[in-house]
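Data block below; observations after.
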Amino acid sequence: MLNKRKSRSIAAILAFSGTLTISGLHKFYLGQPLWGIVYVLLSLTPIPKVASAIEGVWYLAQDEEAFNRNFNLGQPMIQDSSSVNNQVESIANALRELDSLRQDGLISEYEFEQKRRQMLDQMS
């Protein structure tokens with residue numbers, strides 16, 4: 001389970017269920033077994049229940065990108081081919097516009113190269 005992609009909603013559901021049942025299941029799900037054990041050991045106190053509720057809210061408050069950075073090694077969700085094609089097309093159009101600005105002398109060669117690299121990094 002450590003290498004599988006983690007879902008933000010499942011993590012939140014498990015965290016919220018920890019306020020009613022066994023606390024710490026979300027920690028095991030997210031690949032943090034030591035914290036899961038701490039939550040289980042402290043389950044007779046209110047501490048893990050409060051912490052689980054707070055973490056459930058935190059998981060839902062994060063956007064997908066932040067959740068992926070924290071729990072999926074920064075890997076974005078797998079996109080379908082049409083959304084990848086749309087992304088590539090929009091970056092290509094932006095690069096054309098950027099090149100036009102460079103040719104018109106509105107941005108320097110250095111600024112063009114920096115922005116071009118940023119855009120190409122978005123594709124990978």
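Structure summary
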item	result
Filter result (in a loop (DSSP other than H, G, I, E, B) and more than 25 Å from residue 73 (Cα to Cα)) within the stretch 1-50	19, 20, 21, 22, 42, 43, 44, 45, 46
Filtered residues of the stretch 51-100 (kept if at negative phi, part of a loop (DSSP other than H, G, I, E, B) and either modelled with pLDDT of 90 or more or of a type outside the set (A, V, I, L, M, F, W, C) (or both))	62, 63, 72, 75, 76, 79, 80
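The values are calculated or read from the model by the stated rules, or taken from the named source; none is laboratory data. In this text the structure is predicted, and so the values were computed from the model without any measurement.
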